[in-house]
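Have a look at the structure below before the remarks.
The values are calculated or read from the model by the stated rules, or taken from the named source; none is laboratory data. What you are looking at is a predicted structure, and each value in this text was computed from that prediction instead of being measured. Positions of Cβ are generated from backbone atoms using ideal geometry, with glycine treated the same way; all protein chains shown enter the neighbour counts. Ligands, DNA and RNA are excluded from the accessible area calculation, which covers all protein heavy atoms including side chains. Shrake-Rupley method; radii C 1.70, N 1.55, O 1.52, S 1.80 Å.
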Amino acid sequence: MKFIDTIKNIWRIEELKNRILVTLGLLLVYRFGAQVVLPGVDAAELANLGTQTQDGLLGLLNAFTGGAFANASVFALGIMPYISASIVVQLMGIAIPYLQKLQKEGESGRKKINQITRWLTIAITLVQGPGYIYNLFATLPGEAFVIPSQTVFVVSSVIILTTGCIFAMWLGEKITDKGIGNGISLLIMVGIIATLPQSFVQNFISRTSGEGGDIIMVLIELVIWFVIILASVLLVMAVRQVPVQYARRTAGGGYEKNVFGSRQYIPLKLNASGVMPIIFAQAIMFVPAAVAGLSDSETSQGVAAAFSDIFGFWYNVLFALLIIVFTYFYTAITVPTNKMADDLKRSGGFIPGIRPGSETSEYLDKIMSQITLPGSIFLALIAIFPAIAVKLLSVQQGWALFFGGTSLLIMVGVAIDTMQQVNSYLLNRHYDGLMKSGKNRKAVA
């Protein structure tokens, strides 16, 4: 079988084999840490915390941490403070000249930005840590805490949670450097996948229990799930090819076209921003419920309830609109059409019918605007599909989180990115890649 042959080829490449083993080992360490309960908490008394994280915003956060949030583990905050810090630094890079300067300094600037992100991660963790601990006090019974001094428990737990987050961040960076794939994204994906089997089993039991269990509905759900996965793959990989020709000056001062003998293309992604618009929007969606919860008025409590229900109508309407807005925003700051136009001009490239320089930049910007609209709408629909699955198909909420949304898109995006990296190793060694069919070619020593 071709799949088995591909696995054998992967194992023959020593560097790739070692990188995969390092990646699996570090991911195993992360998953082990997610099961280690904070010192001073009785693991047998965590039932109430598990109930609290079955649905709603806390259920979503628990899914991202692979159940560590509900386990009151040393990795309870997961890698999310680092993600929040990265988002803040990217947004500040638009307005703060110092960060803009660092972005233009290449590798040295990137290292400084990473250091700023790490310090901001610590600051965010020091804010979120006490909030998590006091939520434990409010949720768990008094006998769950075996350390008599509340102050000692809070201080020690915040230090441990901060250390756990930094250690998880370190694991992610080591996977990126020594392993295969984007380490931070892999940690999030593994956390999400860890909760998938349990969610499916719970939904299966719910569907099939009682008289005349509805096994047909389970099969329909699985079919819909695979269709959504395929749609997500198309969203991640879809591109629009912009034709480019090349020219160089001849001895007579004119231009010789098609230097490379064929037309080249600029691939512009339908969804150039990936899952970042969803992550941005998701972070903001925590704000309305938190702000409204500060007031005891009936209106504020109603707003808090509406925006705490991630499957509710108003939550998903605002969520979809924010995703569309952030898709345009993130695409604008990550797709440098001016730089693309300048690079084309320097290399003698041009888009047929479009003058090099500013007109090429405007043309590329126009194309990006045209393809970003359907891409953003498609992204928003996939993001809110879990709510549709709950309301129309009566899917259990834990299992519904995998019917689109951030969870599914992260799984698909990270899986494709990792496969592409493995694919590049195989093709460089003259083997067939994971994403290409055909016969294996003999390796070149």
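Net charge of the neighbourhood of ILE371, taken over other residues with C-beta under 14 Å away and scored Lys/Arg +1, Asp/Glu -1, is +2.
Each Lys and Arg Cβ is given +1 and each Asp and Glu Cβ -1; about its Cα centre, the range 1-106 then shows a dipole of about 540 debye.
Backbone amide hydrogens, once placed in the peptide plane, bring VAL244 within less than 5 Å of GLN264, TYR265, ILE266, excluding anything fewer than 5 places away on its chain. Modelled label positions at GLU362 and LEU392, each set 7 Å beyond Cα in the direction of Cβ, lie 4.2 nm from each other.
Element breakdown for the chain at a 1.4 angstrom probe: carbon and sulfur atoms account for 64% of the accessible area. A 1.4 Å probe run over the protein chains yields, for the chain, 51 Å² of accessible area per residue, whole-number rounding. For the pair LEU126 and SER424, a Förster radius of 41 Å applied to the C-beta separation gives a FRET efficiency near 0.55, rounded to the nearest 0.05. Rounded to the nearest 0.05, what FRET efficiency is calculated for ASP5 and TYR98 with R0 set to 60 Å and r the Cβ-Cβ distance? Approximately 0.70, to the nearest 0.05.
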